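Step one of this worksheet: look at the structure below.
The values are calculated or read from the model by the stated rules, or taken from the named source; none is laboratory data. These figures come from a predicted structure and were not determined experimentally. A quick note on method: Cβ atoms are made from the backbone with ideal geometry, for glycine too, and the neighbour counts reach across all protein chains shown.
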Amino acid sequence: MPLILDLERAYNEARSDAGCDAELNDLLAHYAGRPSPLYYAQRLTEHLREVATKDGQTGGAKVYFKRDELNHTGSHKINNCLGQILLARRMGKTRIIAETGAGQHGVAVATVCARFGLPCEIFMGATDVERQKPNVFRMNLLGAKVHAVTSGAGTLKDAMNEALRDWVSNVENTYYIIGTAAGPHPYPELVRDFQSVIGNELRQQMMEREGRLPDTLVACIGGGSNAIGLFHPFLDDAEIEIYGVEAGGHGIDVPNGHAASMSGGSPGVLHGNRTFLLQNEDGQILEGHSISAGLDYPGVGPEHAWLKETGRVNYVPATDKEALTAFQLCTRLEGIIPALEPSHALAFVTKLAPTLPRDNLLVMNMCGRGDKDIFAVAGHLGMDI
């Protein structure tokens, strides 16, 4: 508790400091490369309209991508890491730790630590180390020490367990950069705030492109940071439909075969927050499964749990197979190789868009690029590289 109370005090002070805002905004613009583009996916839109016509429908939403995969390091993670590294420095911390699943957060943490000359250690499940070798190599190049966690299933949950253990053992000098909108307060709030740059940019960009706000928002959900960053600035716009897409794995009905905690889980407590979890009747956490290393967390950020309960956001699953199909479709139609995480969101877009009117403006957050996943995808497709 002293650790997170100190963090809360420091965060509240920092966000009322105009100098901190100015420094973060400068880094986001000149280091991360923001604002990320809002891209009209014309060929995908045309393809989905053809699908609608074949199904006897007249619809087919106009599909846009919010292209956060074009940020420095290749995902939305840099937004949060820049905010938190500034907070760590403000608090006088001299050592940084983090957890990572797909490795994108680990790369972003290693990047900002290299930028500010701070040592960092990254906890990553041994299973994820194996399936995300390109990102492990990038972290090593950047000077990070990567710990392969062998407990449990060797995935994101286990990496977060070890990072929390390290944090409470190294109180004085260590700052823990949590990568998603989960964990103990104030992490869900501060990660949401740092990631809300996505939705805030989108409001302005869509007004410039179309003269009005979007009708539909879609993002993938693991812990939920990219999604809450897109959703939060639009929550009070009741006319906008919002969808979060979870990892359906082998199917919601398959025991331990998915990582869709809101579609197939129940309320419980994990890593300092009460939310929807994959757990058995005794409250023991289940491992779950996803083809995507960034979505196989057995829980979700607590604000997403609240948005589900209130009905403001619709949460749906997409399977491994559907994500793989969408991965290939986007690559071939738009020349954009998505990460497997947003491929789940894209899979749902291919179902949803044909059912919507042609004047519906649909925006999907392309939160990560697929460089890190090409070896995994090749293996699933039976292809040699």
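Scanning the range 165-194 for residues that are more than 15 Å from L86 (Cα to Cα) and either aliphatic (A, V, I, L, M) or assigned to a helix (DSSP H, G or I) (or both) returns R165, D166, W167, V168, S169, V171, A181, A182, P188, E189, R192. Within the range 28-66, the set of residues being among the polar types (S, T, N, Q) and under 19 Å from the mean Cα position of the chain (by Cα) comprises S36 only. The single condition among (1) outside any strand (DSSP E or B); (2) in contact with a Cys (Cβ under 8 Å, 6 or more places away or on another chain) that I96 does not satisfy is (1). For the range 67-84, a residue qualifies if it is assigned to a helix (DSSP H, G or I), closer than 13 Å to N365 by Cα and more than 13 Å from the chain's Cα centre (by Cα), and exactly one does: L70. Pairs linking a residue in the range 150-166 that is touching a residue at least 40 places away in the same chain (Cβ under 8 Å) to a residue that is among the hydroxyl-bearing types (S, T, Y) and part of a helix (DSSP H, G or I), with Cβ atoms under 6 Å and 6 or more positions apart or on different chains, are T155/T127. Restricting attention to the range 312-338, the residues that are out of contact with any strand residue (DSSP E or B) (no Cβ under 6 Å at 6 or more places or on another chain) and among the hydroxyl-bearing types (S, T, Y) total 2. Residues of the range 216-234 that are buried (at least 24 other Cβ atoms within 10 Å of the Cβ) and part of a helix (DSSP H, G or I): S225, N226, A227, I228, G229, L230, F231.
Contact annotation: residue pairs with Cβ atoms under 8 Å, 6 or more positions apart or on different chains, pairing a residue in the range 45-59 that is within 16 Å of F348 (Cβ to Cβ) with a partner that is modelled with pLDDT under 95 and surrounded by fewer than 16 Cβ atoms within 10 Å (Cβ to Cβ), are A52/T58.
Which residue out of L5, L87 is of a type in the set (A, V, I, L, M, F, W, C) and either under 23 Å from the mean Cα position of the chain (by Cα) or not in a helix (DSSP H, G or I) (or both)? Break it down stepwise before answering.
Details: L5 fails: either under 23 Å from the mean Cα position of the chain (by Cα) or not in a helix (DSSP H, G or I) (or both).
Exactly one residue qualifies, and that residue is L87.
Going by the conditions given, is E287 assigned by TED's automatic domain parsing to the domain that holds R369 and either touching a Leu at 6+ places or on another chain (Cβ under 7 Å) or assigned to a helix (DSSP H, G or I) (or both)? Walk me through it before giving the result.
Details: assigned by TED's automatic domain parsing to the domain that holds R369: yes; either touching a Leu at 6+ places or on another chain (Cβ under 7 Å) or assigned to a helix (DSSP H, G or I) (or both): no.
It is false that E287 is assigned by TED's automatic domain parsing to the domain that holds R369 and either touching a Leu at 6+ places or on another chain (Cβ under 7 Å) or assigned to a helix (DSSP H, G or I) (or both).
Looking across the range 308-348, the residues that are among the β-branched types (V, I, T) and either within 22 Å of H289 (Cβ to Cβ) or within 17 Å of the chain's Cα centre (by Cα) (or both) come down to V313, V316, T319, T325, I337. Could you tell me whether any residue of the range 154-164 is within 26 Å of L230 (Cα to Cα), at pLDDT 95 or above and touching an Asp or Glu at 6+ places or on another chain (Cβ under 7 Å)? No, the range 154-164 contains no residue that is within 26 Å of L230 (Cα to Cα), at pLDDT 95 or above and touching an Asp or Glu at 6+ places or on another chain (Cβ under 7 Å). Filtering T94, T111 for residues that are among the polar types (S, T, N, Q), out of contact with any Pro (no Cβ under 6 Å at 6 or more places or on another chain), under 19 Å from N173 (Cα atoms) and not assigned by TED's automatic domain parsing to the domain that holds G294 leaves a single hit, T94. Right, A238: out of contact with any Ser or Thr (no Cβ under 8 Å at 6 or more places or on another chain), loosely packed, with under 13 Cβ neighbours inside 10 Å and either at pLDDT 95 or above or not basic (K, R) (or both) or not? In short, yes.
When the range 14-41 is filtered for residues that are out of contact with any Cys (no Cβ under 9 Å at 6 or more places or on another chain), in contact (Cβ under 8 Å) with a residue 60 or more places away in the chain and either in a helix (DSSP H, G or I) or closer than 19 Å to V109 by Cβ (or both), the ones remaining, listed by number, are R15, C20, E23, L24, L28, Y31, R34.
Select, from A247, A219, the only residue that is in contact with an Asp or Glu (Cβ under 8 Å, 6 or more places away or on another chain), touching a residue at least 40 places away in the same chain (Cβ under 8 Å) and of a type in the set (A, V, I, L, M, F, W, C). Can you show your working first?
Values: A219 fails: in contact with an Asp or Glu (Cβ under 8 Å, 6 or more places away or on another chain).
Of the residues listed, the single one that is in contact with an Asp or Glu (Cβ under 8 Å, 6 or more places away or on another chain), touching a residue at least 40 places away in the same chain (Cβ under 8 Å) and of a type in the set (A, V, I, L, M, F, W, C) is A247.
Mind checking which residues of the range 152-187 are hydroxyl-bearing (S, T, Y) and within 13 Å of D128 (Cβ to Cβ)? T155, the sole residue that qualifies. Got a sec? Which of M139, M160 is closer than 25 Å to L286 by Cβ and assigned by TED's automatic domain parsing to the domain that holds F116? Just one listed residue meets the conditions, M160.
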